[in-house]
Amino acid sequence: MRFKPYCWVQRKGRQAPMSENTTHFGFETVREDEKAGRVQVVFTSVASKYDIMNDVMSVGIHRIWKEAMMDWLAPRAGQKLLDVAGGTGDVSFKFLGRAGSGHAIVCDITESMLVAGRQRAEAESMSGSLDWVVGDAMALPFEDNTFDVYTISFGIRNVTRPQEALNEAYRVLRPGGRLMVLEFSQLPNPMMQAAYDSYSFNVIPQMGQLIAGDRDSYQYLVESIRKFPNQETFLGMVKTAGFGNAKYRNLSLGIAALHSGWKL
């Protein structure tokens, strides 16, 4: 099984520099140039059990959230999708199914996630409309003004500099193109948030150990959710990237949120 390789885009300002600045890896502070490698280790470890764990952790609700994403996105025939941090292809499969015709590229920094995606039954039936590319959200290996739709689901919180990923999304979208981000967020009620935190920190890492044999990776994933900006802060980042008509919708009271914007 072969994938289109990721390579640094050789345009001024596109190659991510080595950095001594720091960022978070869960609750741990790490150098910026270390984070991507550590995220790759996490997702390489969990790739084979990733879809099963998503179903168990969310009691299947992540599927409802992705359907809500498609409802708002309203895919149209012939559109070209870039699904960044697309992993096992869930969103791309749903997009192509809704659109009826079109093309999707699943782009992810972790090749083992793409391998797991291509092994799914949907991948075979949609192989003529689907490509899998190893690439970095902060330095996408695509030309300007290429895609009609850009999606990133439960992935932008793992990017070292999310603002740069949003800037890249704006660059590769065509004028009139649509951004859609699905990510875990924050509940508006402190008591509900505390109850959700208790579940997340006490149950999910144990599930990770039991099902995927990896407690530490799921401990990181829980911590990364808590470090991600809230709905209004992230909305400001979407606007800073240049997107117009930007807005968000809470899902399950704010456990997750959809952010939308247009390249006007």
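The values are calculated or read from the model by the stated rules, or taken from the named source; none is laboratory data. From a predicted model like this one, the values you see are computed outputs, not experimental measurements. Neighbour counts run over all protein chains shown; Cβ positions are idealised from the backbone, glycine included.
Worth a mention:
- Residue in region 5-54 that is modelled with the highest pLDDT, counting only those that are over 14 Å from Y220 (Cα atoms) and of a type in the set (A, V, I, L, M, F, W, C): I52
- Residue match in region 208-227 (condition: surrounded by fewer than 19 Cβ atoms within 10 Å (Cβ to Cβ) and farther than 23 Å from F43 by Cβ): no
- Scanning region 236-264 for residues that are touching a residue at least 40 places away in the same chain (Cβ under 8 Å) and closer than 18 Å to H62 by Cβ turns up R249, N250, L251, S252, L253, G254, I255, A256, A257, L258, H259.
- When region 137-148 is filtered for residues that are surrounded by fewer than 23 Cβ atoms within 10 Å (Cβ to Cβ) and either among the hydrophobic types (A, V, I, L, M, F, W, C) or in contact with a helix residue (DSSP H, G or I) (Cβ under 9 Å, 6 or more places away or on another chain) (or both), the ones remaining, listed by number, are M138, A139, F142, E143, D144, N145, T146.
- The combined condition, being at positive phi and loosely packed, with under 15 Cβ neighbours inside 10 Å, is not fulfilled by N189.
- Single match in S260, S217, S198 (criterion: hydroxyl-bearing (S, T, Y) and under 18 Å from H24 (Cβ atoms)): S217
- When restricted to residues that are touching a strand residue (DSSP E or B) at 6+ places or on another chain (Cβ under 9 Å), crowded, with 21+ Cβ neighbours inside 10 Å and closer than 27 Å to Q40 by Cβ, region 67-94 contains 14.
- Any hit, region 28-37, residues being touching a Leu at 6+ places or on another chain (Cβ under 8 Å) and over 30 Å from G176 (Cα atoms): no
- Candidate set: region 192-202, residues that are surrounded by 13 or more Cβ atoms within 10 Å (Cβ to Cβ) and free of Cβ contacts under 8 Å to residues at least 40 places away in the same chain; chosen: the one nearest to the chain's Cα centre (by Cα): S200
- Every test in (1) out of contact with any helix residue (DSSP H, G or I) (no Cβ under 8 Å at 6 or more places or on another chain); (2) crowded, with 23+ Cβ neighbours inside 10 Å is passed by G117 save one, and that test is (1).
- Residues of region 62-86 classified as under 14 Å from L258 (Cβ atoms) and among the β-branched types (V, I, T), total: 1
- Residue within region 229-251 that is part of a helix (DSSP H, G or I), surrounded by fewer than 18 Cβ atoms within 10 Å (Cβ to Cβ) and at pLDDT below 95 present: no
- Checklist (1) assigned to a helix (DSSP H, G or I); (2) farther than 14 Å from K49 by Cβ; (3) among the polar types (S, T, N, Q) applied to Q186, failing item: (1)
- Leading residue by the ranking (modelled with the highest pLDDT) among those in region 118-131 that are farther than 20 Å from Q79 by Cβ and outside any loop (DSSP other than H, G, I, E, B): R118
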